[in-house]
Amino acid sequence: PLYDLTAGKITDQKLPEIPRDNLRLSEQLGQGAFGEVYKGFLSGMSGTEREVAVAVKTLPPLCNEQTELDFFMEAYIIRKFNHPNIVRLLGVCFDDHPRYIVLELLAGGNLKSFLQESRPSENKPSNLIINDLVDLARDIAAGCSYLEKNHFIHRDIAARNCLLTTKGPERVAKLADFGMSRDVYRSDYYRKEGRAFLPIKWMPPEAFTEGIFTTKTDVWSYGVVLWEIFSMGCMPYPGLNNTEVMNFLHIGGRLVAPHSCPQPLYELMLSCWMHRAEERPDFDYILQTLNTISQDTATMLQHPPLVQI
Ligand SMILES: CN1CCN(c2ccc(C(=O)Nc3n[nH]c4c3C=[N+](C(=O)[C@H](O)c3ccccc3)C4)cc2)CC1
């Protein structure tokens with residue numbers, strides 16, 4: 001398969017400590033789950049005199065032991081990975097407060113917002129063509145395939161958790177949030193109170209009814225990400241709440257094809273949403289299917305996506 005050979009083995013390396021005075025924080029990028037995310041500049045990197053632009057996640061100085069452990073665990077998880085479609089960890093400042101996690105800067109923001117911003121408007125066609133959407137889908141599938149090969153279940157694959165290196169045509173999409181897998185990783189019997197916190201619209205029936213999570217859980221979620229991409233960032237199951245979605249799926253209901261979605265892509269989505277997990281494809285198959293679609297129908301995919309108003 002066209003698997004990215006620059007991916008590396010998952011390793012259990014210790015977290016590299018970055019000297020705090022090599023780091024300079026600048027503007028805030030967003031509000032994280034428990035801290036803020038800032039743009040920053042890192043100096044003294046091996047061999048480079050210039051400062052490197054980075055993203056810095058901060059932990060509020062006043063927080064409990066549990067939150068601190070979550071923060072550490074996220075860094076520990078990301079550090080294990082080495083793949084072009086997974087955000088890279090550069091180091092941590094854990095010697096003192098405030099604690100920092102220093103990550104690769106993905107300056108394009110999250111995938112869902114990018115898709116929404118790229119929708120055509122009455123007097124401006126979208127600047128994206130269908131092949132751009134297929135490229136985004138392939139990036140995420142490559143990251144997921146790496147996790148699958150390393151027997152890592154993400155549990156929260158969604159467009160909101162993917163980030164772009166840039167909004168421009170050279171954009172690369174990456175998996176960048178491991179909060180859900182972190183919570184479970186830390187305590188095997190971790191149960192989120194009720195279902196309020198679970199991403200029900202991205203989960204397969206066996207996950208929200210029996211709490212069963214396998215790599216096929218991520219495949220189902222990836223199918224929803226495909227739908228998000230080709231609907232240019234719509235909310236799945238528009239108008240339905242979580243309970244209605246669970247019932248809808250239970251009676252065999254599924255998301256309808258987005259307006260500009262080529263048939264082979266919608267068929268791929270539907271295969272990710274097979275009720276029986278073992279009938280869903282693996283990410284290698286998904287990646288190959290996307291590569292085929294991208295190559296075979298490059299001509300057909302040249303028009304911009306039409307989105308229902
Ligand atoms: C006009 N637009 C407005 C939005 N803008 C942004 C908005 C947000 C970002 C941003 O957070 N970039 C990040 N780079 N690396 C990491 C980031 C977040 N991380 C995290 O770990 C965060 O927890 C995370 C993870 C996944 C998704 C969101 C947040 C690691 C960059 C540009 C571009 C210009």
Task: Conditions (1) hydroxyl-bearing (Ser, Thr, Tyr); (2) touching a His at 6+ places or on another chain (Cβ under 6 Å); (3) at pLDDT 95 or above: number failed by Thr166 - done: (2)
- [ ] Scan Ser126, Ser187 and give me the residue that is farther than 29 Å from His259 by Cα and at pLDDT below 95.
- [x] Ser187
TODO: Test each condition in (1) over 18 Å from Thr58 (Cβ atoms); (2) away from the ligand (no atom under 16 Å from the Cβ); (3) over 13 Å from the mean Cα position of the chain (by Cα) for Ala137 and report the one that comes out false.
DONE: (3)
Open item on the list: Take Cys93 and tell me if it is at pLDDT 95 or above and within 16 Å of the ligand (Cβ to nearest atom).
Closed with: yes
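Tally time: how many residues in region 244-297 are assigned to a loop (DSSP other than H, G, I, E, B) and hydrophobic (A, V, I, L, M, F, W, C)? Even if it seems obvious, please write down each step before you answer.
So in region 244-297, the residues assigned to a loop (DSSP other than H, G, I, E, B) come out as 251-262, 273-276, 280-282, 297.
Keeping just the survivors that are hydrophobic (A, V, I, L, M, F, W, C) gives 251, 255-257, 261, 273-274.
Residues that pass the stated criteria total 7.
Suppose we keep only residues that are of a type in the set (A, V, I, L, M) and surrounded by fewer than 21 Cβ atoms within 10 Å (Cβ to Cβ) within region 129-171. Which one would you say is farthest from Phe213 (Cα to Cα)? Break it down stepwise before answering.
Just the residues of region 129-171 that are of a type in the set (A, V, I, L, M), to begin with: 129-130, 133-134, 136-137, 140-142, 147, 153, 157-159, 163-164.
Retained after the next criterion (residues that are surrounded by fewer than 21 Cβ atoms within 10 Å (Cβ to Cβ)): 129, 153.
Numbers: Ile129: 35, Ile153: 8 Å.
The qualifying residue farthest from Phe213 (Cα to Cα) is Ile129.
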TODO: Output the number of the condition that Lys112 fails; it satisfies all remaining conditions of (1) within 10 Å of the ligand (Cβ to nearest atom); (2) modelled with pLDDT of 95 or more; (3) not in a helix (DSSP H, G or I).
DONE: (3)
Open item on the list: List the residue pairs whose Cβ atoms are under 8 Å apart, where the first residue sits in region 54-81 and is touching a residue at least 40 places away in the same chain (Cβ under 8 Å) and part of a helix (DSSP H, G or I), the second is aromatic (Phe, Trp, Tyr) and within 12 Å of the ligand (Cβ to nearest atom), and the two are 6 or more positions apart or on different chains.
Closed with: Asp70/Phe34; Glu74/Phe178; Ile77/Phe178; Ile78/Phe178
Open item on the list: Among the numbered criteria (1) buried (at least 18 other Cβ atoms within 10 Å of the Cβ); (2) farther than 28 Å from Phe197 by Cβ, which one does Leu255 miss?
Closed with: (2)
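The values are calculated or read from the model by the stated rules, or taken from the named source; none is laboratory data. Just so it is clear, the structure is predicted and the values come from calculations on it, not from any experiment. We place every Cβ from the backbone using ideal geometry, glycine too, and count neighbours over all the protein chains shown.
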